[in-house]
Protein chains: 6
Amino acid sequence: MRVALFPGSFDPFHNGHLEVVERATRVFDKVFVAALQNPQKGEPLFTSSERQAMISESLAHLKSVEVVSLSALVVDLAERLGATAIVKGLRAVSDFENEMQMAQMNEQLSGIATLFVPCHSAHSFLSSRLLREVARLGGDVSALVPAPVAQRLKEKFG
Amino acid sequence: MRVALFPGSFDPFHNGHLEVVERATRVFDKVFVAALQNPQKGEPLFTSSERQAMISESLAHLKSVEVVSLSALVVDLAERLGATAIVKGLRAVSDFENEMQMAQMNEQLSGIATLFVPCHSAHSFLSSRLLREVARLGGDVSALVPAPVAQRLKEKFG
Amino acid sequence: MRVALFPGSFDPFHNGHLEVVERATRVFDKVFVAALQNPQKGEPLFTSSERQAMISESLAHLKSVEVVSLSALVVDLAERLGATAIVKGLRAVSDFENEMQMAQMNEQLSGIATLFVPCHSAHSFLSSRLLREVARLGGDVSALVPAPVAQRLKEKFG
Amino acid sequence: MRVALFPGSFDPFHNGHLEVVERATRVFDKVFVAALQNPQKGEPLFTSSERQAMISESLAHLKSVEVVSLSALVVDLAERLGATAIVKGLRAVSDFENEMQMAQMNEQLSGIATLFVPCHSAHSFLSSRLLREVARLGGDVSALVPAPVAQRLKEKFG
Amino acid sequence: MRVALFPGSFDPFHNGHLEVVERATRVFDKVFVAALQNPQKGEPLFTSSERQAMISESLAHLKSVEVVSLSALVVDLAERLGATAIVKGLRAVSDFENEMQMAQMNEQLSGIATLFVPCHSAHSFLSSRLLREVARLGGDVSALVPAPVAQRLKEKFG
Amino acid sequence: MRVALFPGSFDPFHNGHLEVVERATRVFDKVFVAALQNPQKGEPLFTSSERQAMISESLAHLKSVEVVSLSALVVDLAERLGATAIVKGLRAVSDFENEMQMAQMNEQLSGIATLFVPCHSAHSFLSSRLLREVARLGGDVSALVPAPVAQRLKEKFG
């Protein structure tokens, strides 16, 4: 069985992430989406369990997907889940270099390969950071995130 | 009347920003320069009103320019000012991707288009962050910023 | 009156070009689209007059647009047409550097400024070169080009 | 069965390509390597059958790999071979944008997804074009290509 | 005598840095490696003196190298040490733009030129930030840093 | 003695190249500028001896510079001239990747290191290809090239 692990902060999960998961399910038998428990860049907007809940609801239509929590090295989780590969989305050039760096590090640490899934739809310029900024200032981002995320952003920022 | 809105942190305003405003005034009847009140990246070096004052003095020779404060979504301010377009400067590849992301977000939120004004003079590698670092350590950056900014940097760091 | 000149090879004109023209008409009173008579990169797929005809048909819904031929320096045509600015589309990083180079050259030669119009829709990865390759091999690109272009590609490659 | 198609000119096949194929075999049950019969960029250094022979010999240790010829649209070959996905190597930023463009085109044409396999070893800066130039001028590139390719380059350029 | 100054945070020093120093010693008679006392990006993992000690031990085999501390403007230190040039490593595109910016600033401030030393080995995707993250989570990075650094990381994170 | 080799097509030599040579002479005792005899990209605008003559005249003020012809591998010429390093100019991101590729290849072939000299003046967006195009169409590029080059361009396209 081909198993993929898709790790990220997902704070929040958006339509670009959704596109990556949907493409990954075409290639892998099982896709684990792992939400980083404590993102390094300060306090997250949503708690780890809020993020996991939102992702699960957003991916309910994809039967081969499971959402888990990530609190250790990605490669350790990958090994524990029996992952064949790590998958990451690629949007822009700046993604590309960070992701190449992490892919090499992860292969160095454990031998696991990373595959990149291009994100090239109309939402390819989406980022969680920008969505948070806009939502905080009252902008309507409901066209850019799955409905369960839009709902929670509305609850949070009114 | 063609109205442009040029938003930014301008902490501080430098010769690259000046170049963008000067090019914009050739195309637009009116250019609003909007200084972000509370930049997201920590405490600014200069307060919002200090920044506005410095920009106004630096642009006193351009009659079609007005300096305002920005405390909400850029697209909301753009609508309130009747802006035809948002203008942003483009220096380097890293700018390009961030700015494309914001341009798409702003068009998504309100339908307003963003135009990019290239900054390709000898000062194209200028950034406010680097200027702050150098000035803090006592470096002389007066050739890289308008005179009113050079004056205030000198007052601040002696 | 604010006049823009949008020069290019347009071999063929595609939906990304269309998106740029539509954005430019929101900012300028008049937009000239200038099809390069003899693109430097070998024999074009369509003759200059075929390309002009296709562009005109594709832009028939935009009243402030006029299609012309370009056989000299862009800056000379810009001066002759009384253009306020040159506009170019920006899709990707590789575009960015070429276009910055040309923008600086054109400003050096004549003082005219270039404005960049971002192309960030789902079709942002389109290019004329790739469209030609695919159409030549029998691929159906009719979703990626205006109808008048799709028609002529079909006539050419059957 | 998960089947990948890895298309390219491979003129000649080098250690960076080899690295991509080896990673792909860890994820896919079967990997087809398809050598473009007539690369668009002028006369190839090696004929299509020479290239296929060299690739086959270089990959003889990988049982799940098969080398084929590519003379039509990549998506048509992918469909004929029952490919689950197209795989491409990614080395540098310039690759990234071309490959994103083709990935989007291929998904537009047929719905097939492309996965990118990072090439981040010491040979990540390899390219077939540079290898041809150096070999032509008598440089020894045998550390950068599989032995069957090194052998044929030596026969060709003495 | 040709003297180079190689400034950086080196928190921690890794094999990519080592590669740059080794190349610099082939061109310069003397190479000063200057560890920034207080890196701007928050509390460093290792104190300034710890970092200096680790670098000195890692470079003990290179007789023309000396490790110093950096607490002022790079150009002021360069002048004090009689440096002919500043040298910096270049790995990736994102490095490139930051470094070009600093190189121009430094030449503006003092007339000193910067030379870039490419880092293109298998370790070209290394970064101190990523190494810190991985070591913190218990990953083994001893293949990616000199032995004296590996030792101290082990002491710190067990 | 520290000797640098600066290879290129120089068709024609322009102010960006001049800036690189001037910076290189501050670091090296001797700088050889090597004009590629037969550039790969089609017929050059100027013959090899025309290009050598123009470069020599443009660099007459720099006593430590010598202009030579390049008809073999760069690394072979470097060895014959006793070069300590190859130097190349770096302007933009697209340069960066090509040059990193060649630097690695050259180090692989002969062990010689490449140093990059940033080109960050107002002329950083110059390229020989663009200069040829503009001069061909009658544009005045005399502000962008040394006088001896401007003179010959005028004679050629006058």
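The values are calculated or read from the model by the stated rules, or taken from the named source; none is laboratory data. Remember, it's a predicted structure, so these values are computed and weren't measured experimentally. As a convention, Cβ positions derive from the backbone with ideal geometry for all residues, glycine included, and neighbour counts pool all protein chains shown.
Observations, loosely collected:
- Within region F:1-94, strands (runs of 3 or more DSSP E) holding 1 or more residues that are in contact with a Phe, Trp or Tyr (Cβ under 6 Å, 6 or more places away or on another chain), at pLDDT 95 or above and surrounded by fewer than 17 Cβ atoms within 10 Å (Cβ to Cβ): F:65-70
- Exactly one residue among F:28, F:13 is out of contact with any Asp or Glu (no Cβ under 9 Å at 6 or more places or on another chain), over 23 Å from residue F:152 (Cβ atoms) and of a type in the set (A, V, I, L, M, F, W, C), and that residue is F:28.
- Residues within region D:102-136 that are touching a helix residue (DSSP H, G or I) at 6+ places or on another chain (Cβ under 6 Å) and modelled with pLDDT under 90, tallied: 7
- Residue check for residue B:82: of a type in the set (Gly, Ala, Ser) and in contact (Cβ under 8 Å) with a residue 40 or more places away in the chain: yes
- Residues in region C:95-122 that are more than 8 Å from every other protein chain (Cβ to nearest Cβ), over 21 Å from residue D:95 (Cβ atoms) and either among the acidic types (Asp, Glu) or out of contact with any strand residue (DSSP E or B) (no Cβ under 7 Å at 6 or more places or on another chain) (or both): C:110, C:111.
- Count of region B:115-138 residues which are within 17 Å of residue B:9 (Cβ to Cβ), out of contact with any Ser or Thr (no Cβ under 9 Å at 6 or more places or on another chain) and of a type in the set (Ser, Thr, Tyr): 1
- One residue from F:28, F:46 being without any contact (Cβ under 8 Å) to a residue 60 or more places away in the chain and under 28 Å from residue D:138 (Cβ atoms): F:28
- Complete set of residues in region B:81-97 that are more than 15 Å from the chain's Cα centre (by Cα) and not aliphatic (A, V, I, L, M): B:82, B:84, B:94, B:96, B:97
- Across region F:134-152, the qualifying residues are those that are over 17 Å from residue F:123 (Cα atoms) and among the charged types (D, E, K, R), and the one among them that is surrounded by the fewest Cβ atoms within 10 Å (Cβ to Cβ) is F:136.
- Evaluation of residue E:114 against (1) surrounded by 19 or more Cβ atoms within 10 Å (Cβ to Cβ); (2) over 15 Å from the mean Cα position of the chain (by Cα) (one fails), failing number: (2)
- Of everything listed in (1) touching a residue at least 40 places away in the same chain (Cβ under 8 Å); (2) more than 14 Å from chain C (Cβ to nearest Cβ), the single unmet condition for residue D:9 is (2).
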